[in-house]
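Let me begin by presenting the structure, written as structure tokens, before commenting on it.
The values are calculated or read from the model by the stated rules, or taken from the named source; none is laboratory data. Worth saying up front: this structure is predicted, and the values here are computed from it rather than measured. Here the Cβ positions follow ideal geometry from the backbone for every residue, glycine too, while neighbour counts run over all protein chains shown. Just the protein is used for accessible areas: all its heavy atoms, side chains included, with ligands, DNA and RNA removed. Shrake-Rupley method; radii C 1.70, N 1.55, O 1.52, S 1.80 Å.
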Amino acid sequence: MIKGGLAGRIGRMAGDSGPERVLVAASFVNRVGNGLFNAAAALYFTLVVGLPAVQVGAALTIAGVLGLCAGIPGGHLADRRGARTIMMLALTVQAVSMAALVLVESWAALTIIATVDQIAAAAGGAAWGALVVRVGGDRPALFRAKLRTFVNLGVVLGTVGAGLALVADTRGAYLTLILGNSASFALCAALLLLLLLPRYPVVAAPPQQRRWLAFADRPFLTFTALYGAMGLQYPVVSLLLPIWISEHTEAPRWTVAALFAVNSAFCVLMQTRIGSRIETPHDGGRAFRTAGLLFLVSCPMMALAAYAPVWAAAGLVLAAIFVHSLGEVWESSAGFALGFGLAPDHAQGQYQGVLGLGFSAGQALAPAILTTVVLGLGTTGWLLLAVFFAALGAVGPSLARWGMRTRPQPGVAAEMTG
């Protein structure tokens, strides 16, 4: 019944079949739950449970930091024990921990449960990356682009659902959102199990291969740092621009809601069209450069909105977010092509754990950087941010060439594993 329902409809929409359909459906369901929870978490613990905001922030920060440490060992475990197994285990733990959040009445309980959830999330995320590589088939770029399209769509639908519940502003509404996220993890695990996603065999590591290979891979570590830094572009939309609109422009407040709608819709509509063409690491390097150039254009447009009258400011912001969203699609596609393309098959989970750690570290630092440096300097800060993005992107092609030069050649790899 599940196979003919949710997974079948999503699979037909995505144009996939078999394992691709299963992973798309599971990822979609999971992200719907994420969208429900992300909008409700802080408000539930402060308004309903009654914890001080500073305690909620501290608990979630501690959980996030400790969770970062789990991605790399979790990914390594996925490489050795199977990505499907580790991902299902992580989803089960998250379903239980998320349901347990409704019992929280103290800071200590919140910290412990949130930490367990974040550890499982990091390990599951690395395993998910390794699974994406195995499921991708003959057209991995097309599959990854479709997958991200449905992931984005899931977040949008979940956020809309959360908005409707938040309007009610009752304890029952908040509990529904949290338990809905718990159910999404359980359903995601059930989809992987009941629809019989293949238990892909573990790829053996070459003889005498060092255990933590990713830490010695300088091109990949460099890309991880660049990708984490380029990730500042996400909170530009979610944090920096809304503050800039409300405090420095005459654009109406509804512009903030409109920019989120434009950003989400554009990424959903364009991800497959653009991302399906970015297949190799060399394609990824060029896409990374293109993303930097688009951000070079979008950031000054956002800054100039402060000098425009009401309707011109609103139009300039929306035009800027259109350009910025285009850059986001190119940047995410570059991340797929380089992040997966530079990783050896037998260590995909470990490599995705490293990449996830770099990205998460960038996201953790982003609010402080954007609100102090960029907002503090005003227009100059926006221009510096634009140049920063363009400089990061410019490294993309040379990084891709460096990375490919240092990968084992096919003949050498076959000899090592033979």
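Annotations for the structure displayed:
- Annotation: the stretch 232-320 has a Kirkwood hydrodynamic radius of 14.1 angstrom, from the mean reciprocal C-alpha pair distance.
- Largest to smallest principal axis extent of the C-alpha atoms in the stretch 301-354, angstrom: 56, 16, 11
- Of the chymotrypsin sites (Phe, Trp or Tyr not before Pro) in the stretch 210-304, the ones in a loop by DSSP (not H, G, I, E or B) with at most 16 other beta carbons within 10 Å are W212.
- Expressed per residue, the C-alpha convex hull volume of the chain stands at 134 Å³.
- Per-residue ³J(HN,Hα) for the stretch 224-234, Karplus 6.51 cos²θ - 1.76 cosθ + 1.60, θ = phi - 60°, Hz, x for Gly and Pro: 4, 5, 5, 5, x, 5, 5, x, 4, 5, 5
- Accessible area per residue for the stretch 101-190 is 40 Å², calculated with a 1.4 Å probe on protein heavy atoms, without ligands, DNA or RNA.
- Using distinct alpha-carbon pairs, which all enter the 1/r mean, Kirkwood radius of the stretch 352-411 in Å: 14.0
- Both numbers refer to the Cα atoms of the stretch 241-374; Rg and Dmax are 16.9, 56 Å.
- Considering helices alone, the calculated mean residue ellipticity of the chain at 222 nm is -25500 deg cm²/dmol, with DSSP H runs of length four and up weighted by -39500 (n - 2.57) and normalised per residue.
- The P(r) of the stretch 84-134 has a tail past 17 Å containing 37 percent of all C-alpha pairs.
- Loop sites here are trypsin sites (Lys or Arg not before Pro) outside DSSP states H, G, I, E and B with no more than 16 other Cβ atoms within 10 Å. The longest part of the chain free of them is 4-198.
- Portion, in percent, of the accessible area of the chain that falls on carbon or sulfur, probe 1.4 Å: 68
- Environment charge at A394 (Cβ cut-off 15 Å; Lys +1, Arg +1, Asp -1, Glu -1): +2
- In this structure the stretch 203-343 gives 40 Å² per residue of accessible area when probed at 1.4 Å with all protein chains present.
- Here the 3J(HN,Hα) profile of the stretch 329-335, calculated from phi with Karplus coefficients 6.51, -1.76 and 1.60 at θ = phi - 60°, is 5, 5, 5, 5, 5, 5, x Hz, Gly and Pro shown as x.
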